[in-house]
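Nothing in this text is a laboratory measurement; each read-out follows from the coordinates by a stated rule. These numbers were taken from a predicted model, which means no experiment stands behind them. Methodologically, a virtual Cβ is constructed for each residue, glycine included, from the backbone with ideal geometry; neighbour enumeration extends over all protein chains shown.
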Amino acid sequence: MSEHIHDLASEVSPLVHAAEVAVEDAVVAIANLMAGAVARRRKAGIMPAAAQPTVLLLHRALTQTIQGGNTMLRAHGSLEGQYRTLAADDLHPLSEDAVQGHAQSFRPAVVTPLTLVG
């Protein structure tokens, strides 16, 4: 049973890492969008009050994304606790090298590089 648990954990671990990276990428993308929208508004000579509703929407999206990241981290902790319990604290097979090796063979999503706006 223990080996099966370690196999499952080595498969789930890269997925958790990918989800955490995706949340970080989303935070950066929304922050870049907010900064870019303000910069373009200034360049176009539009008054700040006219663009404020858009900035507030982006602020809400950024806040919700950060809160989602917090929830993702809590889920990560929950999964780690379940693994620790099921593995009876025998965690050595889930070493960083083993996780990285499995992550190299498993690519769950294509990541689009972000560019800074400004």
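From the mean inverse distance of alpha carbon pairs (Kirkwood) and the Cα radius of gyration, derive Rg over Rh for region 1-72. Provide the component values of the computation, followed by the final result.
On the way: Rg = 18.9 Å, Rh = 14.6 Å.
In region 1-72, Rg relative to Rh is 1.30.
Between Leu86 and Glu20, what FRET efficiency comes out of the Förster formula 1/(1 + (r/R0)^6) with R0 = 22 Å and r the beta carbon distance, rounded to 0.05?
For Glu20 and Leu86, the calculated efficiency is 0.50.
What is the sum of charges, Lys and Arg at +1 and Asp and Glu at -1, for the other residues whose Cβ falls under 9 Å from the Cβ of Pro48? Intermediate results must be reported in sequence, preceding the final value.
Numbers: positive: Arg41, Arg42; negative: none.
With Lys, Arg at +1 and Asp, Glu at -1, the neighbours total +2.
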